Every structure is written in structure tokens, then in C-alpha cells.
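One structure below.
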Amino acid sequence: MNSQNPSRSVNPKAEADPSAAGPFLELRGIHKRFSGVYALRGIDLTIEAGQIYHLMGENGCGKSTLIKVISGALTPDEGSILIGGREVVLSPIGALSAGVETVYQDLSLLPNLSVAENTALSQQLVESGGHLARRIDRTRLMETAVRALSAVGLPTDARFCATAVEELPIATRQLVAIARAIATDAKLVIMDEPTSALTKREVENLIGVVDQLRAHGVAVLFVSHKLDESKSIGGRFIIMRDGAKVMEGNIADHSKSELGYWMTGKTLDVVRYRHGAHGGEPLLDVEHLGRAGAFSGVSFSLARGEIIGITGLLDSGRNELARALVGVSPADAGVIRLAGQPLTLRRPIDAIEAGIGYVPEDRLSEGLFLEKPVRSNIVAEVLGQLVNRFGKIDVGRSRSLAAKIAAELQIVAANLDNPVQSLSGGNQQRVLIGRGLTINPKLFVLHGPTIGVDVGSKDTIFRIIQKLAGDGMGVILISDDMPELLQNCDRIIVMRKGLIAETFEAETVDEDTLYRSLLLER
């Protein structure tokens, strides 16, 4: 990825003095109900130009609903919205025209369109009142795209600009979505989990972009569960719980434990979940594994009950290695042995039949059947075991298995027959973990298991992982979240440019040492 200087101007207009104007956006007494159930309760909120805000709270607290109200996707049942001191009724195009740009967690990109088109079309859409002209101004589109892509440190050459978004890794797609917000010359940019798929280096690049936006008088509203990042960025925090705003203030004035308490209503200590030696008899042996253009010569072993972390930058090969271990993107060299038996993993079903469970990195596009019931998502990998003598799915057994998994993993769902997209992010992630457990795996590969998950759900998921290892399962945890790795793993493998660079004992290494290892050149 091109690492162009993020300090380049995001907006060609003269820098604004954020203190010179009144609030850009005000919410007064906002209520929103769904089927009589409150999603928002009397929200009052003020967004000042050129300020940074962090919207925090557990999954299901109302953050997503609030974002949709501000971006015009939902109309409040009660209350008023003011922009520049004038009361408005917002539609999605109206919000864009008013200067509100939202980068949703699912990115909302058009996968079959090019990087340049995804970056710059919104601007032309706004200018035409929501109706694109028969002919798009390609010259202007490229000029807009180049300016915005450069601002987030992405390449601006013709080849990259012409690349279809669906061909990009998820982290690059996330930066394209942020570039799109910059392209519209927004006055308020809302970023829903903007760093969920970014490495620490890319997060630093994004912070540089945010500083430029703030310098030009643009307000930025982050929705984030990463308290360390939020504190390093600075600004104000807004905490929601059960649809209400419960606390607001300067983030520098409060500790992470205080923020966590206001978010969850309980004290969440930062702890290491692993203590002492772990691991029994050998389970997994990987010898000289490789995939052309991605990684090579990867060798490591894993014992029963052991948790190994694998980390690295985006070009390190860590993601491709994860997919090779579960048959999604097969290796073309080397050997994988599970419980002493050599495996041929050409398809995901090969891994499932061998007893390897998998939680993919992107639950929305790679993991869940969003419109299908929670129950169907949980049992999807064992449907063949639930067929009755008439060749149909035994609904009773399906319900029983799904209910058992939901109870074990503390999945909160009003009804297991509701669509899985109705659940919070933390509960969706537990559905994916539950699906993997239905095959009674010997080995569990977890790829970014807490991406987009709140602090309370993280704690629950970490405890689930520890219990699985305690029961003798081998676990591989692929992540760029250093605290997550340090808290949960026995050993941590660092990959650089397709090779294993170093291996650390998690109990004795610190975060700075790990990060320095990521950045070392071979």
C-alpha cells in the first residue's frame, strides 16, 4: 500500500477557524421506537465544527440508530434536528447535501465499481440532487478521487483507481470508504468502527487525516470500541446505554476503567486471561507451508489446549495463512498435520470434515447469512446431521442445538427465528463462534474474533476462548490487536513479508516490543 504523506491537504479550501461558528449540528429530545421498544430515549447532543467526538457504548445501546438519524436514514419519532441553527428534516441525500457523510461499518461501497467511482460518485450525486447525469464527468471524477485517495495514503495511479473494490482487501476498502467522505467536502464525518480492519501503522495514518479534517473545521464523530485509540486521538466522548446518553466529557480527563464502567454498568479490569504453562499433547504441525505471492516456509506447531496468536502488517501474509489453514485459499506447498494425520485442504468443507472450525475476519460478507434466522446461522455447518428419514431438516433438533449453543455462548436474541442481522455485533460474533463449535472441532482458527465488538462482549468472547482451550481445543488467534493477543495467547508469532520473523512468549513480551517487531525490515 502506498504510504503517501497524510498531511497533504484534505480540502483545497482555506482553513477554517472552528471557534468562529456556532454548533454545526444539534439534536434536541430525540426519541426513536421500533414496535414500541425504545431505541433512543430523549437524546440531546451538540456537535461543534472542528471537534472530535467518540460515540461509545455496548452493542445494542442505540449508537447505530443515532447515526442513522443524523445521516437521514431514519426519521425520529420525537425531537428536532438543527443544522447551522435551523431545524431540518433529513433524508440521506439531504444529509449529504448538508455536509453529513457517514462511513458505515459495512462500508456501503459498490463492489463492482472502481475505486475512483466509489470515491467520487457521492460528490456528483449530491450536486445533482440525488440523480446522476446520463454521462458522468470522468475528468472531474478522477481529479476528486486522486485528491481524496492521496489524503488517506492510498495509491493514486490509474491502475489502482480502475481496480474494482471487490478485489481489494477489507482494510483497503475501509480506507476507500473514508476517502469517499473526504471527497464530498463534508462538514461532519461519522466513522463507524473506522479502524476495525486497520493495522497500527494505518491507524496512525488515519489520525493524520483526522487532524487535517479538524484543521479545516470539519467535525469527526467516531463510533469505536477501542478505548486506547480513542484516548490517543483525544477530543470528547459521548457514552450511551439502553438508548440514553449517560455521560459526556473530555476523554483525556477519564480513565479507561471509568469509560468502561459507564458503558457497561460494571467494572471491567484489564487482565491477562492466560496464566502459567498451557498445552498438552501435540495437535497441529505445519511444515514449510507456502502459497505463491503470499507466504512461504511457514512452520510451527500447536498443542492441545494451547492458544497461539499470529500477527503482522497487511502484507505480512497473516491473512492468507489463516485462509490456507481452513481451505479457503489453499496452500500450494508444505504439509499440515492434525493429530498426526496429513491433511489436504482444498475447500472449506475439507477443513470442516477434518475438525477445524473457523471464524472469518469479516462476519458481514464472509460469515453470516444476514437475512436468515439466528438458528439457521448457528446450525449451517451441520445441516447434514439434522436431516430426518424423509430427507428434510428436523426442525426440532435444529432448534434444540441452536438453543444449546446460544445458552452456552450467552447469545442474546429475542427469538432464535429472528434474522441474525437484528442482533448486535457482539452477539453476531458469538453466533459465528457457535457455528464453528457445532462440528466439535479439534482446532479453532479465529480471524479477528472481536472486530467491531464492544468491551463487554470482548470480555465474554475472551472467556469463551479460554474455556475452549481449557477443554483441550487448540486455538489459533489471528489479530493485529496487541492487547487482545497479549491477554489471551501462550505464544505470539510475528510475520513479515510472508515469513515468520519472530515468536514470543506472550506472558513476558510487551506491546512495544511486538509493534517494533512488526515494523522491522528483513
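None of the figures in this text is laboratory data; all of them are computed from the coordinates on show. Please read all numbers here as calculations on a predicted model, not as lab measurements. Every residue, glycine among them, receives a Cβ derived from its backbone with ideal geometry; neighbour counts consider all protein chains shown.
Within the range 427-465, list the residues whose amide N lies under 17 Å from a label point set 7 Å along Cα→Cβ of residue 275. Label zone hits: 463-464. Straightening the chain between residue 394 and residue 519 buys 39.8 nm, computed as 0.36 nm per residue apart minus the Cα-Cα spacing. Between 0 and 90 degrees, the angle of helix 138-151 with respect to the longest Cα principal axis of the chain falls at about 70 degrees. In terms of packing, defined here as the mean over residues of other Cβ atoms within 10 angstrom, the peptides 286-296, 334-344, 221-231 line up highest first as 221-231, 286-296, 334-344. Bridgeable lysines around residue 32 (alpha carbons under 16 Å apart, same-chain partners fewer than 8 residues away excluded): 63, 68, 245. When only Cα pairs below 8 angstrom with a gap of at least 6 residues are kept, the range 271-334 shows a relative contact order of 34 percent.
Descending by average beta-carbon neighbour count within 10 Å, the peptides 479-488, 379-388 line up as 479-488, 379-388, the highest first.
As a ratio to 2.2 N^0.38 Å, the alpha-carbon radius of gyration computed for the range 288-351 takes the value 1.08. Shown for the range 325-471: lysine pairs separated by 8 or more places, or found on different chains, whose C-alpha atoms are under 22 Å apart, numbering 8. A convex hull fitted to the Cα coordinates of the range 372-522 yields 134 cubic angstrom per residue. Against the main long axis of the alpha-carbon atoms of the chain, helix 455-470 sits at an angle near 10°. Per residue, the convex hull spanned by the Cα atoms of the range 139-258 measures out at 125 cubic angstrom. Length gained on full extension, residue 315 to residue 412, computed as 0.36 nm times the residue gap minus the Cα-Cα distance: 31.3 nm. Label-to-label distance for residue 159 and residue 422 is 4.8 nm, based on points extended 7 Å past Cα in the beta-carbon direction. With each label modelled as a point 7 angstrom along the Cα→C-beta vector, the residue 37-residue 337 pair spans 5.1 nm.
Each label point was placed 7 Å from the Cα along the Cα-to-Cβ direction; for residue 108 and residue 344 their separation is 4.7 nm.
If you wrap the Cα atoms of the range 29-71 in a convex hull and average its projected area over all directions, you get 3.5 nm².
Which of the peptides 491-498, 417-424 is most tightly packed, and how do the rest follow, going by the mean number of other Cβ atoms within 10 Å of each residue?
Highest to lowest by the protection proxy: 491-498, 417-424.
Tell me, rounded to the nearest percent, the portion of alpha carbon pairs in the chain spaced more than 46 Å apart. Roughly 13 percent, rounded to a whole number.
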